[in-house]
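Undergrad: Take a look at the following structure, please.
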Amino acid sequence: MLKSVIFDMDGTIVDSLPYHKKSWQLFSRKHPIKNFEKLLLQKKGGTINEIMRYMLGKEKSEVEIEKLGELKESLFRKIYSDKIHPIKGFIDFLKILKKNKIIINLASNGGHENIKFVMKKLNCNKYFKFIIGGEDVKSGKPNPEMFLRVMKLSSLKPDECLIFEDSIEGVKAGITAGCNVVGVTTSHRSKKLLSLGCSYTIDNYKNINLLNQIINSYE
């Protein structure tokens, strides 16, 4: 029986990835990074601190990495602030899950400042029970740690949870955690997400019949 849905955030509930890319470009103008474009393409997944460490190397202290990571994320919030909106149908889907008494959780590589920023803009914080961000884990996705932590907090088993993800790393983390995963095609085509092990793919949350079918498949 389905007891919980766990959402990723960037690319899954908001189409924010183009603004993350833009904020990295703005950051690199103030803090030049050798082989910036190449490194950004190479580094897949991870928290902001993991990505920043990969980009800047070992010479920076942890304090410096954290400060630079927050600077990059503050640039993101600034340029995205007046452009943010949920992926189509998302809020209505939250209401359906709530009506069906399904626990709604969030597990994002993003930090809590970004998460609070998105939740406030969408006015949807009230729907979520547990929220895990990048600061809460040792390793971000593709490591399954944050999904496993959400399930532990919720006292739930993998077969009682359904994950919504858009990234290759997020899908891999969800599969490794033992859960079924629905792929959201903001970042990758349906064929790619299905090849990684997604049970279904969606373009957005407007197809209520399909979403109900997915929920009912657990009964």
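The values are calculated or read from the model by the stated rules, or taken from the named source; none is laboratory data. Predicted, not measured: the structure shown is a model, and the values here were computed from it. Positions of Cβ are generated from backbone atoms using ideal geometry, with glycine treated the same way; all protein chains shown enter the neighbour counts.
Undergrad: Could you list all residues from region 43-73 that are of a type in the set (S, T, Y) and either touching a Pro at 6+ places or on another chain (Cβ under 7 Å) or closer than 20 Å to D8 by Cα (or both)?
TA: Scanning region 43-73 gives a single hit, T47.
Undergrad: Please state which of the following conditions H20 fails to meet, knowing it meets all the rest: (1) loosely packed, with under 14 Cβ neighbours inside 10 Å; (2) modelled with pLDDT of 85 or more.
TA: (1)
Undergrad: Out of the residues in region 149-208 that are touching a Phe, Trp or Tyr at 6+ places or on another chain (Cβ under 7 Å) and not in a strand (DSSP E or B), state the one that is surrounded by the fewest Cβ atoms within 10 Å (Cβ to Cβ).
TA: If we take residues in region 149-208 being touching a Phe, Trp or Tyr at 6+ places or on another chain (Cβ under 7 Å) and not in a strand (DSSP E or B), then L153 is surrounded by the fewest Cβ atoms within 10 Å (Cβ to Cβ).
Undergrad: Would you say I84 is within 19 Å of D166 (Cα to Cα) and either in contact with a Pro (Cβ under 8 Å, 6 or more places away or on another chain) or of a type outside the set (K, R) (or both)? Show your work before the answer.
TA: Values: within 19 Å of D166 (Cα to Cα): yes; either in contact with a Pro (Cβ under 8 Å, 6 or more places away or on another chain) or of a type outside the set (K, R) (or both): yes.
Yes: the conditions hold for I84.
Undergrad: Would you mind finding the one in I163, I168 that is within 12 Å of the chain's Cα centre (by Cα) and farther than 13 Å from M9 by Cα?
TA: The unique qualifying residue is I168.
Undergrad: Show the residue pairs that are 6+ apart or on different chains and have beta-carbon atoms under 9 Å apart, the first residue being within region 191-211 and farther than 16 Å from P86 by Cα and outside the structural domain of E165 (by TED's automatic domain parsing), the second being at pLDDT below 95 and of a type in the set (G, A, S).
TA: Close Cβ pairs satisfying both conditions: none exist.
Undergrad: For region 91-135, which residues satisfy the criterion of being without any contact (Cβ under 8 Å) to a residue 24 or more places away in the chain and either surrounded by 17 or more Cβ atoms within 10 Å (Cβ to Cβ) or assigned to a loop (DSSP other than H, G, I, E, B) (or both)?
TA: K101, M119, N123
Undergrad: Run down K3, K72 and say which single residue is in contact (Cβ under 8 Å) with a residue 24 or more places away in the chain, out of contact with any Gly (no Cβ under 6 Å at 6 or more places or on another chain), among the basic types (K, R) and buried (at least 19 other Cβ atoms within 10 Å of the Cβ).
TA: Within the list K3, K72, the selection yields K72.
Undergrad: Restricting region 1-42 to residues that are among the small types (G, A, S) and part of a loop (DSSP other than H, G, I, E, B), which is farthest from the chain's Cα centre (by Cα)?
TA: So, considering only residues that are among the small types (G, A, S) and part of a loop (DSSP other than H, G, I, E, B), the one farthest from the chain's Cα centre (by Cα) is S16.
Undergrad: Assess whether K126 counts as being among the basic types (K, R) and at pLDDT below 95.
TA: Criteria not met by K126.
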